1. So is Met35 of a type outside the set (Lys, Arg) and not in a helix (DSSP H, G or I) or not?
2. Which residue is nearest to Tyr7 (Cα to Cα), if the candidates are limited to the stretch 29-67 and must be touching a Ser or Thr at 6+ places or on another chain (Cβ under 9 Å) and not hydrophobic (A, V, I, L, M, F, W, C)?
3. Of all residues in the stretch 1-26, count the ones that are assigned to a helix (DSSP H, G or I), hydrophobic (A, V, I, L, M, F, W, C) and either over 10 Å from the mean Cα position of the chain (by Cα) or surrounded by fewer than 16 Cβ atoms within 10 Å (Cβ to Cβ) (or both).
4. Name every residue in the stretch 29-49 that is aliphatic (A, V, I, L, M) and either open to solvent by 50 Å² or more (accessible area, probe 1.4 Å) or on the phi > 0 side of the Ramachandran plot (or both), in order of residue number.
5. Test Tyr62 against the stated conditions and say whether it is in contact (Cβ under 8 Å) with a residue 12 or more places away in the chain and either part of a helix (DSSP H, G or I) or open to solvent by 80 Å² or more (accessible area, probe 1.4 Å) (or both).
Amino acid sequence: MIEIFGYLASLVTVASFLMKDVKKLRLINLTACIMFIIYGVLISSYPIAAVNLIVALINIAYLYKIK
């Protein structure tokens, strides 16, 4: 079940890069990052959680600038 969640997070990441609107791309990618943070913690892979936390913060910063 956890592995399926990881695959779903990967699919959401790919979907984010198919967006033409940058705001949508950032929102969907932020969702994927949150999913990967959860996934990383669930499988005790803290590098996965850490890098996605950093990317999530970058997405939040850019979304704040867009607003």
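1. So Met35 does not fit the description; no.
2. Taking the candidates together, the pick is Tyr39.
3. Summing the residues that are assigned to a helix (DSSP H, G or I), hydrophobic (A, V, I, L, M, F, W, C) and either over 10 Å from the mean Cα position of the chain (by Cα) or surrounded by fewer than 16 Cβ atoms within 10 Å (Cβ to Cβ) (or both) in the stretch 1-26 gives 9.
4. Passing the criteria: Ile34, Ile38, Val41, Leu42, Ile43, Ile48.
5. So Tyr62 fits the description; yes.
The values are calculated or read from the model by the stated rules, or taken from the named source; none is laboratory data. Being a predicted model, the structure only gives us computed values, none of them experimental. When we count neighbours, we look across all protein chains shown, and the Cβ atoms used for this are built from the backbone with ideal geometry, even at glycine. Only protein heavy atoms, including side chains, enter the accessible area calculation; ligands, DNA and RNA are left aside. Shrake-Rupley method; radii C 1.70, N 1.55, O 1.52, S 1.80 Å.
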